[in-house]
Amino acid sequence: MRYLVFLLSLIIALSAKAEKPHVVATASMIMDMAKNIGKEHVQVSCIVPIGGDPHIYKPTPKDAKLVVNANLIFKNALTFEGWLDELIENSGTKAAVVTVTKGVNTIKSETYNSPDPHAWMDVKNGIIYAENIKNALVTLVPAQKQAFEDNFAAYKKELEALDAYIVESVNSIPAEKRILVTSHDAFQYYGKRYGLQLESVQGISTDGDIQTKDVLHLQEVIKASKVPVVFVETTVNPKVLQQIAKDTGTSIGGKLLSDSLGDEKTGGDTYIKMLRHNTDLVVEGLKSEKVEAPSIEEENTATNYIFTGVIAFLFLAGIAFMFAKNKQ
Ligand SMILES: [Zn+2]
């Protein structure tokens, strides 16, 4: 019996030692960055699942469990995860909460009078995220400082290469065609860094109502600039933008990854691949020529012609009939 107790305590002691610190990220892009820097020294999880929308996410009891067992929580902040404070408070977690956007030069949304959360779309900001993550991991596991520094240095090089790739790719689009139309306003940082004009159906969050004036404005822009393609997003309902595309005779250029990574099937399942995926889609789409599809007005006009033609034919046939009858 005494041996059994000893054996059990040994197993518990060993498994406790093998247990890695738990790091929880709110969104999948942040999770991926933390994995790249923490590597085998930490265990990283994410609250909002792949394809989920962090703006309007509703935490589950499973999330409360995740948060309560966490040693460190990474958040984007800038109004991105409005539900997080309540989740943290209700769970009673002792985890340190670190804002990964600390030090980022934020863009302010005039319409909402609040900061735009989508800072990761500019890779220069992505490097700031990664550095904040590295510093927090060093504080959490000081014994692995060197490993985290090395991982960060290697990752930073990859991010710098990604930034150069996007600059070069976007520069290959003719200047007058650099207009990016999306479902929600998630690409202001991207547009500012890489030189694209941004237009969207909805503002910087997806929880607001769609305004008729914004839809009309978008239709004007698409028609006036002959925008060949517009882009839906994996995390946003595409219905309104699909209708606008139909009404303006433009096409859908594909699905952009805005507020979540993609999955293995669709691609873009890391932060680096996500931005590459978006860039390749945007560049290919905006370089294409606008395919002139008949607009709804033109279709209506065609129907009117046929209708008028039929009436005129019946009218003439009637006159001919009367004429023939009178002659008899
Ligand atoms: Zn968003």
Exercise for the section: Mind grabbing the accessible area of Ile128 for me, 1.4 Å probe, Å², rounded to tens? Expected result: 50
Practice task
Enter the accessible area of Thr234 (Å², nearest 10), with the probe set to 1.4 Å and all protein chains included.
Solution key: 50
Practice task
From largest accessible area down, sort His118, His41; use a 1.4 Å probe on the protein chains.
Solution key: His41, His118
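Quick one: ranking His55, His184 by accessible area, 1.4 Å probe, largest first, what do you get?
His55, His184
Tell me, what is the per residue accessible area of the range 174-287 in Å², probe radius 1.4 Å? Numbers along the way, then the final one.
Values: 4990 Å² over 114 residues.
Accessible area per residue, the range 174-287: 44 Å².
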Fill in the blank from the handout: Here FRET efficiency (C-beta to C-beta, Lys62 to Glu264, R₀ 25 Å, nearest 0.05) is 0.65
Handout entry: For the range 2-168, projected area of the alpha-carbon convex hull averaged over all directions, nm²
Key = 12.4
Fill in the blank from the handout: Put Val44, Val240, Val227 in order of accessible area, largest first, probe 1.4 Å, and you get Val240, Val44, Val227
Completion exercise
Given a 1.4 Å probe, the accessible area of the range 96-168 per residue, as a whole number of Å², is 49
Completion exercise
The equivalent-ellipsoid semi-axes of the range 149-268, taken as the square roots of five times the Cα gyration tensor eigenvalues and listed largest first in whole Å, are 28, 17, 13
Exercise for the section: Calculate what fraction, in whole %, of the accessible area of the range 45-192 sits on carbon and sulfur atoms when a 1.4 Å probe is rolled over the protein chains. Expected result: 52
Problem - Karplus-derived HN-Hα couplings along the range 71-83 (A = 6.51, B = -1.76, C = 1.60, θ = phi - 60°), whole Hz, x at Gly and Pro - result: 9, 8, 10, 9, 10, 7, 6, 6, 6, 6, 10, x, 8
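The values are calculated or read from the model by the stated rules, or taken from the named source; none is laboratory data. Computed from a prediction, not measured in an experiment: that's the story for all the values here. We place every Cβ from the backbone using ideal geometry, glycine too, and count neighbours over all the protein chains shown. Areas reflect the complete protein model, heavy atoms only, side chains present, ligands, DNA and RNA absent. Shrake-Rupley method; radii C 1.70, N 1.55, O 1.52, S 1.80 Å.
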